[in-house]
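**Q** Pasting a structure here, questions to come.
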There are 2 protein chains.
Amino acid sequence: MAAIAARREFFETMVIADYDLARAAKAVPDGDPRFVAAAVDASDSAAIEALITEHRVTHVLNAVDPRFVLPIFGAAQSAGVDYLDMAMSLSAPHPTHPYEQVGTALGAEQFAAGEAWRDAGRLALVGMGVEPGLSDVFARYAADHLFSEIDEIGIRDGANLVVTGDDGEPIFAPSFSIWTTIEECLNPPVVFESDRGWFTTAPFSEPEIFEFPDGIGPVECVNVEHEEVLLIPRWVPAKRVTFKYGLGSEFIGVLRTLHQLGLDRTAPVRVKGVEVSPRDVVAACLPDPATLGDRMTGKTCAGTWVKGTGTDGEPREVYLYHVVDNAETMAGYGAQAVVWQTAINPVVALELLANGTWSGTGVLGPEAFDAVPFLDLLTAYGSPWGLRDSTA
Amino acid sequence: MAAIAARREFFETMVIADYDLARAAKAVPDGDPRFVAAAVDASDSAAIEALITEHRVTHVLNAVDPRFVLPIFGAAQSAGVDYLDMAMSLSAPHPTHPYEQVGTALGAEQFAAGEAWRDAGRLALVGMGVEPGLSDVFARYAADHLFSEIDEIGIRDGANLVVTGDDGEPIFAPSFSIWTTIEECLNPPVVFESDRGWFTTAPFSEPEIFEFPDGIGPVECVNVEHEEVLLIPRWVPAKRVTFKYGLGSEFIGVLRTLHQLGLDRTAPVRVKGVEVSPRDVVAACLPDPATLGDRMTGKTCAGTWVKGTGTDGEPREVYLYHVVDNAETMAGYGAQAVVWQTAINPVVALELLANGTWSGTGVLGPEAFDAVPFLDLLTAYGSPWGLRDSTA
């Protein structure tokens, strides 16, 4: 994010904060005096608020694991500044019908604070990464410019990324936080239907083969719990909203095994006198996804598939998408594709907020704003989007 | 083991020692004054030696994880008493050719002490459980009574055990120490051939479907590192010796995933300020195999398949086996089948040593002794063995 923002003029100062000051300092672009590194504990609201005050921060951009959404969101609210994140507060399954009914929904605790944010005249722009984020912008664009009525909006995420080990053979190395991947893939996936509201299914439900563009090709996708399903129906009318992730059968197998062995659990277990969370151990055994770029090849695709009635009254089916090639992001930014694709979207959003193109108060998703300036600015950043029209 | 030994007369006192005294006390049979519970750290040779002296112990029977073989073996040697175990000292892979050549073999450190044990006039009977143990006894029996020349001895282990969860659905719950199962299944399997000596292959090599008796039926078996392959060729002439374990494809998948994610590693990783071994975390997440008996159904089979020339000079092929039904061991002893089958064999061996039927000095495997009295006493304990003759 810092490397992308460093090429733009819209801000005076950006404070890069991490639990580990050295890690924050490493993210500071060389020789750019606008960047400052700081140490902060993301679970400590008071410390975050002090940092906001110290640097006279106007916007807090939360880029850490979703377990830290609430303390950071709360610190921004207390400090009276605007807030953005790329993942929303965590869900809890329904106590008796986990695979049928929603318990605590993703973001529920944030939306509950909506009125307080509105009254304070401040904005919390939630789910503003690539997915959620750009995928929601695509949904709004489709509703405003391509469709008169929407039957289904399905976010579809797939990639052909391969990570090779020292011996040149492919290795198992997720390109995104394994903690979050386990969370979203093993939680009951949520689906929205206009006549039924939000409901859940069993993990890995409704497998389908989705054809991804730009040479990625067909990937098996399954339902996954994701913010778009909670966000889109609040602003974009659609009969059905889903999110399917192209995990592929190998990764699904790994996740099933972790679950079967109880290694996905976050509650600590006692091991020889110490207490650890099994999921944290899994994460500690795998390489840091951000460090994999130079051993990775391939492309990643985020996008929104929409089916319904076009503005001309005829049936229409499109896929709006954004493909990122790891070779290009490594060459241009030294960042791997998935990290870079997640990072560029909140920077674009920050610039739109900074120049007043986007404005609002309360707790809002990306689809609450006009999609066109966002997509134009993304293209101006050098990263265009695509539209595949597969209307029969 | 205590529950089985309690029905026999061959000993005066049995000291059941565990790191956790309460766990040792639980194993003491009700109302039998011959049993004593004690606390001891199996990694502490001096503490074990003190316990040997305190109770005037004549035989130490090691029944803990193989990581503790050397301290217990060493304590018995220092104390000048006889020793038995059910698994031998651990191997280390060959530094440059792990899947072709043997590095440090299973039991190598124990066999290296053979002369010292012989000189001291003491016996270390190593690998005296069910596998290794009974399987080695079967090999000796076949060589002495059924064959004039042996082409191959293949230990084959399979089961149809199922563990059900609270909802009555089958759950993943290994019936034997997961620590040891990971160790033996992910280490390079060792194979013996008379013209080549010992060599290794890649994990899960040479899959075959083996037909197990007594209704268990066909199970996919793969090469696994096991003591028999190191023990049998020292005393029983055979052109080839293998060990294949009927893991089944689901379990092989779980083990492959654990390896792929680095969760099989024993070296500690740092997780939020504490150090833990990933393999210990996996073990901590699974139920204790010894507690599964009342949720388990099915049978387990250990046995030795032998092919060669019979004593009549004709081609011969047999499978000598021992099947245990979980329902029977639970009803008779309150112990699950795999635990019970592992326990009965060293008790039989102890009785043969106590009454002088078996005697010897040095570091010896079960196949160094006459098989007949062992098999007869096993039958007298109420647990007969079987012979399937599949000579074409």
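The values are calculated or read from the model by the stated rules, or taken from the named source; none is laboratory data. Computed from a prediction, not measured in an experiment: that's the story for all the values here. FYI the Cβ positions are ideal-geometry reconstructions off the backbone, even for glycines, and counts take in every protein chain you see. Note: accessible area is taken over every heavy atom of the protein model, side chains too, but ligands, DNA and RNA are not part of it. Shrake-Rupley method; radii C 1.70, N 1.55, O 1.52, S 1.80 Å.
**Q** Among B:133, B:158, B:127, which is the only one that is closer than 30 Å to residue B:315 by Cβ and in contact with a Cys (Cβ under 7 Å, 6 or more places away or on another chain)? Spell out the reasoning first.
**A** Working: B:133 fails: in contact with a Cys (Cβ under 7 Å, 6 or more places away or on another chain); B:127 fails: in contact with a Cys (Cβ under 7 Å, 6 or more places away or on another chain).
Checking each option against the conditions leaves just B:158.
**Q** Mind checking whether some residue in the stretch B:303-317 is within 14 Å of chain A (Cβ to nearest Cβ) and hydrophobic (A, V, I, L, M, F, W, C)? Quick ask: steps written out before the conclusion?
**A** As a first pass, look at the stretch B:303-317 and keep what is within 14 Å of chain A (Cβ to nearest Cβ): none.
Within the stretch B:303-317 (the criterion being within 14 Å of chain A (Cβ to nearest Cβ) and hydrophobic (A, V, I, L, M, F, W, C)), the answer is no, since none of the residues qualifies.
**Q** Are any residues in the stretch B:69-117 of a type outside the set (A, V, I, L, M), touching a Lys or Arg at 6+ places or on another chain (Cβ under 9 Å) and open to solvent by 10 Å² or more (accessible area, probe 1.4 Å), and if so, which ones?
**A** B:77, B:80, B:82, B:111
**Q** Here's another thing I want to ask about it. Yes or no: the stretch B:142-154 includes at least one residue that is within 19 Å of residue B:233 (Cβ to Cβ), touching a Lys or Arg at 6+ places or on another chain (Cβ under 7 Å) and assigned to a loop (DSSP other than H, G, I, E, B).
**A** The answer is yes; a qualifying residue exists.
**Q** Within 30 Å of residue A:4 (Cβ to Cβ) and of a type in the set (Phe, Trp, Tyr): which single residue out of A:172, A:192 fits that description?
**A** Details: A:192 fails: within 30 Å of residue A:4 (Cβ to Cβ).
From the options A:172, A:192, the qualifying one is A:172.
**Q** Determine which member of the set B:121, B:107, B:127, B:80 is in contact (Cβ under 8 Å) with a residue 40 or more places away in the chain, touching a strand residue (DSSP E or B) at 6+ places or on another chain (Cβ under 7 Å) and at positive phi.
**A** Details: B:121 fails: touching a strand residue (DSSP E or B) at 6+ places or on another chain (Cβ under 7 Å); B:107 fails: touching a strand residue (DSSP E or B) at 6+ places or on another chain (Cβ under 7 Å); B:80 fails: touching a strand residue (DSSP E or B) at 6+ places or on another chain (Cβ under 7 Å).
Result: B:127 is the single residue among B:121, B:107, B:127, B:80 that is in contact (Cβ under 8 Å) with a residue 40 or more places away in the chain, touching a strand residue (DSSP E or B) at 6+ places or on another chain (Cβ under 7 Å) and at positive phi.
**Q** Now for a separate question. Only one residue in A:171, A:182, A:209 is open to solvent by 40 Å² or more (accessible area, probe 1.4 Å), of a type in the set (A, V, I, L, M, F, W, C) and within 14 Å of chain B (Cβ to nearest Cβ), so which one is that?
**A** Working: A:182 fails: open to solvent by 40 Å² or more (accessible area, probe 1.4 Å); A:209 fails: within 14 Å of chain B (Cβ to nearest Cβ).
After applying the criteria, what remains is A:171.
**Q** I need the full set of residues from the stretch A:249-262 which are facing chain B (nearest Cβ under 7 Å) and either within 23 Å of the chain's Cα centre (by Cα) or open to solvent by less than 40 Å² (accessible area, probe 1.4 Å) (or both), in order please. Steps first, please.
**A** Kept after step one, since they are facing chain B (nearest Cβ under 7 Å), are these residues of the stretch A:249-262: A:253-254, A:257, A:260-262.
Result: A:253, A:254, A:257, A:261, A:262.
**Q** Does residue B:215 meet the test of being over 24 Å from residue B:127 (Cβ atoms) and either at pLDDT below 95 or within 14 Å of chain A (Cβ to nearest Cβ) (or both)?
**A** Working: over 24 Å from residue B:127 (Cβ atoms): yes; either at pLDDT below 95 or within 14 Å of chain A (Cβ to nearest Cβ) (or both): no.
No, not satisfied.
**Q** Could you grab me the full set of residues in the stretch A:263-299 that are open to solvent by 20 Å² or more (accessible area, probe 1.4 Å), more than 12 Å from every other protein chain (Cβ to nearest Cβ) and in a helix (DSSP H, G or I)?
**A** A:289, A:290, A:291, A:294, A:295, listed by residue number.
**Q** A further question on this structure: Please count how many residues of the stretch B:118-131 are open to solvent by less than 50 Å² (accessible area, probe 1.4 Å) and in a loop (DSSP other than H, G, I, E, B). Break it down stepwise before answering.
**A** Applying the first criterion (open to solvent by less than 50 Å² (accessible area, probe 1.4 Å)) to the stretch B:118-131 yields B:121, B:123-131.
Among the residues that remain, those that are also in a loop (DSSP other than H, G, I, E, B) are: B:121, B:126-128, B:130-131.
Counting residues in the stretch B:118-131 that are open to solvent by less than 50 Å² (accessible area, probe 1.4 Å) and in a loop (DSSP other than H, G, I, E, B) gives 6.
To keep it simple, each residue is scored yes or no on (1) at pLDDT below 95; (2) surrounded by fewer than 23 Cβ atoms within 10 Å (Cβ to Cβ).
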position: B:309; (1), (2): no, yes
position: B:326; (1), (2): no, no
position: B:340; (1), (2): no, no
position: B:363; (1), (2): no, no
position: B:370; (1), (2): no, yes
position: B:378; (1), (2): no, yes
position: B:387; (1), (2): no, yes
position: B:391; (1), (2): yes, yes
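**Q** Could you count how many residues in the stretch A:212-225 are open to solvent by 10 Å² or more (accessible area, probe 1.4 Å) and touching a residue at least 60 places away in the same chain (Cβ under 8 Å)?
**A** Number of matching residues: 6.
**Q** Please determine whether any residue of the stretch A:240-250 is β-branched (Val, Ile, Thr) and modelled with pLDDT of 95 or more. Steps first, answer last, please.
**A** Within the stretch A:240-250, the subset β-branched (Val, Ile, Thr) is A:241-242.
Subset that is modelled with pLDDT of 95 or more: A:241-242.
Scanning the stretch A:240-250, I find at least one residue that is β-branched (Val, Ile, Thr) and modelled with pLDDT of 95 or more, so the answer is yes.
**Q** Separate question: Within the stretch A:44-86, how many residues turn out to be small (Gly, Ala, Ser) and closer than 17 Å to residue A:127 by Cα? Reasoning before the result, please.
**A** To start, the set of residues in the stretch A:44-86 that are small (Gly, Ala, Ser) comprises A:45-47, A:50, A:63, A:74-76, A:78-80.
Checking the rest, the ones that are also closer than 17 Å to residue A:127 by Cα come to A:63, A:74, A:76.
So the answer is 3.
**Q** Here is a check on your reading of the model: is residue B:64 of a type in the set (Val, Ile, Thr), part of a loop (DSSP other than H, G, I, E, B) and more than 22 Å from residue B:290 (Cα to Cα)?
**A** Numbers: of a type in the set (Val, Ile, Thr): yes; part of a loop (DSSP other than H, G, I, E, B): yes; more than 22 Å from residue B:290 (Cα to Cα): no.
No, not satisfied.
**Q** Would you confirm whether any residue within the stretch B:107-124 is more than 22 Å from residue B:203 (Cβ to Cβ), among the aromatic types (Phe, Trp, Tyr) and assigned by TED's automatic domain parsing to the domain that holds residue B:63? Show your work before the answer.
**A** Going through the stretch B:107-124, the residues more than 22 Å from residue B:203 (Cβ to Cβ) turn out to be B:109-124.
When the remaining residues are screened for being among the aromatic types (Phe, Trp, Tyr), the result is B:111, B:117.
Imposing the further condition that a residue be assigned by TED's automatic domain parsing to the domain that holds residue B:63 reduces the set to B:111, B:117.
Yes: the stretch B:107-124 contains one or more residues that are more than 22 Å from residue B:203 (Cβ to Cβ), among the aromatic types (Phe, Trp, Tyr) and assigned by TED's automatic domain parsing to the domain that holds residue B:63.
**Q** Something else about it: Has the stretch B:358-366 got any residue that is in a helix (DSSP H, G or I) and aliphatic (A, V, I, L, M)?
**A** Filtering the stretch B:358-366 down to residues in a helix (DSSP H, G or I) leaves B:366.
Filter again for aliphatic (A, V, I, L, M), leaving none.
No, the stretch B:358-366 contains no residue that is in a helix (DSSP H, G or I) and aliphatic (A, V, I, L, M).
**Q** Given the structure, is residue A:231 within 14 Å of another protein chain (Cβ to nearest Cβ), in a helix (DSSP H, G or I), touching a residue at least 60 places away in the same chain (Cβ under 8 Å) and buried (at least 24 other Cβ atoms within 10 Å of the Cβ)?
**A** Values: within 14 Å of another protein chain (Cβ to nearest Cβ): no; in a helix (DSSP H, G or I): yes; touching a residue at least 60 places away in the same chain (Cβ under 8 Å): yes; buried (at least 24 other Cβ atoms within 10 Å of the Cβ): yes.
Judged against the criteria, residue A:231 is not a match.
**Q** Out of all the residues in the stretch A:279-304, which are of a type in the set (A, V, I, L, M), touching a Ser or Thr at 6+ places or on another chain (Cβ under 8 Å) and at pLDDT 90 or above?
**A** Step one: filter the stretch A:279-304 for residues of a type in the set (A, V, I, L, M), giving A:281-284, A:286, A:290, A:292, A:296, A:302.
Cutting the leftovers down to touching a Ser or Thr at 6+ places or on another chain (Cβ under 8 Å) gives us A:283, A:292, A:296, A:302.
Residues satisfying the conditions are A:283, A:296, A:302.
**Q** What number goes with the only condition from (1) in a strand (DSSP E or B); (2) within 17 Å of residue B:128 (Cα to Cα); (3) touching a helix residue (DSSP H, G or I) at 6+ places or on another chain (Cβ under 6 Å) that residue B:306 does not pass?
**A** (2)
**Q** Condition first: of a type in the set (Ser, Thr, Tyr) and in contact with a helix residue (DSSP H, G or I) (Cβ under 8 Å, 6 or more places away or on another chain). Now tell me which residues in the stretch A:220-262 satisfy that.
**A** Of the stretch A:220-262, the ones of a type in the set (Ser, Thr, Tyr) are A:242, A:245, A:249, A:257.
Once the filter is applied, which keeps residues that are of a type in the set (Ser, Thr, Tyr) and in contact with a helix residue (DSSP H, G or I) (Cβ under 8 Å, 6 or more places away or on another chain), the stretch A:220-262 yields A:242, A:245, A:257.
**Q** Next question, about the same structure. Within the bounds of the stretch B:346-357, is there any residue that is at positive phi and either not assigned by TED's automatic domain parsing to the domain that holds residue B:164 or not in a loop (DSSP other than H, G, I, E, B) (or both)? First the steps, then the outcome.
**A** Of the residues in the stretch B:346-357, the ones at positive phi are B:356.
This time we only want the ones that are either not assigned by TED's automatic domain parsing to the domain that holds residue B:164 or not in a loop (DSSP other than H, G, I, E, B) (or both), so: B:356.
There is at least one residue in the stretch B:346-357 that is at positive phi and either not assigned by TED's automatic domain parsing to the domain that holds residue B:164 or not in a loop (DSSP other than H, G, I, E, B) (or both).
**Q** Still on this structure, please answer the following. Of all residues in the stretch B:294-303, how many are polar (S, T, N, Q) and within 18 Å of residue B:130 (Cα to Cα)?
**A** Step one: filter the stretch B:294-303 for residues polar (S, T, N, Q), giving B:297, B:300.
Pick out the ones that are also within 18 Å of residue B:130 (Cα to Cα) and you get B:300.
Qualifying residue count for the region: 1.
**Q** So, one more: Any idea which of B:205, B:175 is touching a helix residue (DSSP H, G or I) at 6+ places or on another chain (Cβ under 7 Å), in a loop (DSSP other than H, G, I, E, B) and hydroxyl-bearing (Ser, Thr, Tyr)? Working first, answer last.
**A** Numbers: B:205 fails: touching a helix residue (DSSP H, G or I) at 6+ places or on another chain (Cβ under 7 Å).
Only one candidate passes the filter, namely B:175.
**Q** Also, quick follow-up: Restricting the search to the stretch A:94-117, which residues are assigned to a loop (DSSP other than H, G, I, E, B) and of a type in the set (A, V, I, L, M, F, W, C)?
**A** Of the stretch A:94-117, the ones assigned to a loop (DSSP other than H, G, I, E, B) are A:94-103, A:105-107, A:112-113.
Matches in the stretch A:94-117: A:102, A:105, A:106, A:112, A:113.
**Q** Residue check: is residue A:311 under 20 Å from residue A:173 (Cα atoms) and either under 22 Å from the mean Cα position of the chain (by Cα) or in contact (Cβ under 8 Å) with a residue 60 or more places away in the chain (or both)? Give the derivation first.
**A** Numbers: under 20 Å from residue A:173 (Cα atoms): no; either under 22 Å from the mean Cα position of the chain (by Cα) or in contact (Cβ under 8 Å) with a residue 60 or more places away in the chain (or both): yes.
No.
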